[in-house]
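What follows is a single structure, written as structure tokens, with notes after it.
The values are calculated or read from the model by the stated rules, or taken from the named source; none is laboratory data. The model shown is predicted, which means the values in this text are computed figures rather than measured ones. Ideal geometry is used to build each Cβ from the backbone, glycine not excepted, and the neighbour counts take in all protein chains shown. Keep in mind that these areas ignore ligands, DNA and RNA; they rest on the heavy atoms of the full protein, side chains included. Shrake-Rupley method; radii C 1.70, N 1.55, O 1.52, S 1.80 Å.
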Amino acid sequence: MNRIVSAVKTFCSPFINASAYDRTKWMILVAVFSAACFAAEYFCYANFRLGIDTQSFRCLDEWVYVINIKDRRPQRDKIFAIESQGAEPVIKNGMLMAKIIRGMPGDVVTITKNEMILINGKVVGSGMDHLHGAAPKDLKKFIGTRRLKEDEYWVMGTRFRSFDSRYYGPVRSSQIKGRAYGII
């Protein structure tokens, strides 16, 4: 205990031995620095979240994301944090997932028999890995063409095994929780 008291006295001695004017300057500096730290923390908490993908088979290359919760405006080919709805039992409702918005309202989405995914005739992905082994009549539900309605967005990962709109369909703007930026 005596060593701790001695260490504190040694650490604080420049402050204790300083003039009243110097102590006042240090106290003002500490107050300004503390206020700046509080403001930065408040700004970050009000605008950003950190997302970590813990899946063994990730849908995108990155596994850590900064999510700007103030930027929810859907944009084609950008990564967004999407709240899962209707993807159970694979992904629980309410879980956040990072996906790329590939299709916007009015776009035509086609899934071919050879598992090619096209948006407005352009190939944006391939494979329906999660359906391998399914009965042919079940596979037919996923093959075909649809036009995305108002407030429907087609989301996908970049990896072959991504569990995305090819399996659970389009998402709505209410599910878009913020723009995500992969950092690692």
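Some notes on this structure:
- The single condition from (1) touching a residue at least 24 places away in the same chain (Cβ under 8 Å); (2) in contact with a strand residue (DSSP E or B) (Cβ under 8 Å, 6 or more places away or on another chain); (3) not hydroxyl-bearing (Ser, Thr, Tyr) that Gly121 fails is (1).
- Residue match in the stretch 51-73 (condition: charged (D, E, K, R), on the phi < 0 side of the Ramachandran plot and part of a helix (DSSP H, G or I)): no
- The stretch 108-150, residues that are in contact with a Ser or Thr (Cβ under 8 Å, 6 or more places away or on another chain), of a type in the set (Ser, Thr, Tyr) and closer than 19 Å to Ser162 by Cβ: Thr110
- Those residues of the stretch 1-31 which are surrounded by 10 or more Cβ atoms within 10 Å (Cβ to Cβ) and among the β-branched types (Val, Ile, Thr), in sequence order: Val8, Thr24, Ile28, Val30
- First in the stretch 41-70 and free of Cβ contacts under 8 Å to residues at least 40 places away in the same chain and aliphatic (A, V, I, L, M), second anywhere and crowded, with 16+ Cβ neighbours inside 10 Å and part of a loop (DSSP other than H, G, I, E, B), Cβ under 9 Å, 6 or more apart: none
- Residues being at positive phi and loosely packed, with under 13 Cβ neighbours inside 10 Å - total across the stretch 121-132: 1
- Hey, Gly127 closer than 17 Å to Phe142 by Cα and either in contact (Cβ under 8 Å) with a residue 60 or more places away in the chain or of a type in the set (Lys, Arg) (or both) or not: no
- Odd one out for Ser34, checked against (1) within 15 Å of the chain's Cα centre (by Cα); (2) open to solvent by 50 Å² or more (accessible area, probe 1.4 Å): (1)
- Within the stretch 46-70, if we keep just the residues that are of a type in the set (Phe, Trp, Tyr) and under 14 Å from Met97 (Cα atoms), the residue that is most open to solvent (accessible area, probe 1.4 Å) turns out to be Phe57.
- So Thr158, is it of a type in the set (Ser, Thr, Tyr) and farther than 25 Å from Asp53 by Cβ: no
- Residue within the stretch 48-61 that is under 13 Å from the mean Cα position of the chain (by Cα), modelled with pLDDT of 95 or more and acidic (Asp, Glu) present: no
- Look at the stretch 132-143: where a residue is closer than 20 Å to Val109 by Cα and a partner is in a helix (DSSP H, G or I) and hydrophobic (A, V, I, L, M, F, W, C), sitting 6+ places away or on another chain with Cβ atoms under 8 Å, you get Asp138/Leu131; Leu139/Leu131; Phe142/Leu131.
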